[in-house]
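Quick notes on the structure that follows.
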Amino acid sequence: MTKFVLISGSIRRDSLNASVLATVRRLLAERPDADGIEVGTLSVGLLPHFDFDVEQADGSAAVREAKKLVRDADALFISTPSYNGAMPGVLKNALDWLSRPGGDSPLTGRTVALASASPGARGGVDAQAALAAVLTKCGARVVAHEAVAVPRAGQLRTEDGDFTDPEVVAALASLIDATLTAVREPAGAGA
């Protein structure tokens with residue numbers, strides 16, 4: 001069983017990045033090997049602001065649940081908007097919690113795929129480099145793949161809240177394939 005955890009960098013109710021993840025969930029369910037794939041979701045907006053004192057007191061229940069969810073996953077799939085060229089603070093906050101303790105955190109060795117979406121022409125791609133850098137610093141294995149960004153996503157999203165545009169679907173399917181390949185590769189392979 002391959003376990004995916006989907007994480008949106010946006011907490012908006014009608015988030016375009018949640019729609020990317022809805023599409024990923026659909027594509028995973030449509031795969032021939034779907035019976036061997038389990039999908040969960042981490043809502044980053046439920047985590048408190050990172051606080052060392054809270055961490056020393058064993059964190060909060062939401063943090064403990066998030067850490068367990070990520071630690072039990074084979075792969076994370078993060079889709080994020082770009083806020084001034086970087087990931088939103090709520091996503092960075094979640095990564096700060098998940099990066100603890102350093103060297104043995106839920107992110108250490110975890111395979112992570114990145115995507116982005118926005119109503120703008122760049123599709124939020126500017127956030128991906130900074131996000132990849134933080135994840136790498138935390139010991140995660142960022143999937144090597146051409147950046148997947150969905151520009152003008154509001155115009156492409158269906159009434160059902162996902163994407164059916166052939167280019168978007170093909171890019172996400174390719175990223176899913178690359179993620180599954182990375183999960184099956186031993187850490188350090190190909191380096």
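So is Leu76 in contact with a strand residue (DSSP E or B) (Cβ under 6 Å, 6 or more places away or on another chain), open to solvent by less than 10 Å² (accessible area, probe 1.4 Å) and at pLDDT 95 or above or not?
yes
State which residue pairs qualify: first residue touching a residue at least 12 places away in the same chain (Cβ under 8 Å) and within 10 Å of Gly9 (Cα to Cα) and inside region 69-84, second residue surrounded by fewer than 24 Cβ atoms within 10 Å (Cβ to Cβ) and of a type in the set (D, E, K, R) in any location, beta carbons under 9 Å apart, and separation of 6 or more residues or different chains.
These pairs meet every condition: Pro81/Arg12; Ser82/Arg122; Ser82/Asp126.
Taking Ser60 as meeting all but one of (1) touching a Pro at 6+ places or on another chain (Cβ under 7 Å); (2) open to solvent by 70 Å² or more (accessible area, probe 1.4 Å), write down the number of the exception.
(2)
Say whether the condition of being touching a residue at least 60 places away in the same chain (Cβ under 8 Å), open to solvent by 40 Å² or more (accessible area, probe 1.4 Å), under 17 Å from Ala22 (Cα atoms) and not in a loop (DSSP other than H, G, I, E, B) is met by at least one residue in region 164-178.
no
For His49, all conditions in the list (1) touching a strand residue (DSSP E or B) at 6+ places or on another chain (Cβ under 6 Å); (2) open to solvent by 20 Å² or more (accessible area, probe 1.4 Å) hold save one; what is the number of the exception?
If we test His49 against (1) touching a strand residue (DSSP E or B) at 6+ places or on another chain (Cβ under 6 Å); (2) open to solvent by 20 Å² or more (accessible area, probe 1.4 Å), just (1) comes out false.
Restricting attention to region 103-124, which residues are open to solvent by 40 Å² or more (accessible area, probe 1.4 Å) and touching a residue at least 24 places away in the same chain (Cβ under 8 Å)?
Residues satisfying the conditions are Gly103, Thr108, Pro119, Ala121, Arg122.
Out of all the residues in region 1-45, which are part of a strand (DSSP E or B), open to solvent by 30 Å² or more (accessible area, probe 1.4 Å) and either touching an Asp or Glu at 6+ places or on another chain (Cβ under 7 Å) or among the small types (Gly, Ala, Ser) (or both)?
Selection gives Lys3 alone.
Looking at this structure, is Asn93 more than 24 Å from Ala182 (Cβ to Cβ) and open to solvent by 60 Å² or more (accessible area, probe 1.4 Å)?
Criteria not met by Asn93.
Find the helices (runs of 4 or more DSSP H) located wholly in region 46-144 whose residues include 2 or more that are of a type outside the set (Gly, Ala, Ser) and under 16 Å from the mean Cα position of the chain (by Cα), and list them.
Output list reads 61-71, 89-98, 126-137.
The values are calculated or read from the model by the stated rules, or taken from the named source; none is laboratory data. In this text the structure is predicted, and so the values were computed from the model without any measurement. Cβ: placed from backbone, ideal geometry, glycine included. Neighbour counts: every protein chain shown. Just so you know, the surface numbers come from the protein's heavy atoms only, side chains and all, with ligands and any DNA or RNA stripped out. Shrake-Rupley method; radii C 1.70, N 1.55, O 1.52, S 1.80 Å.
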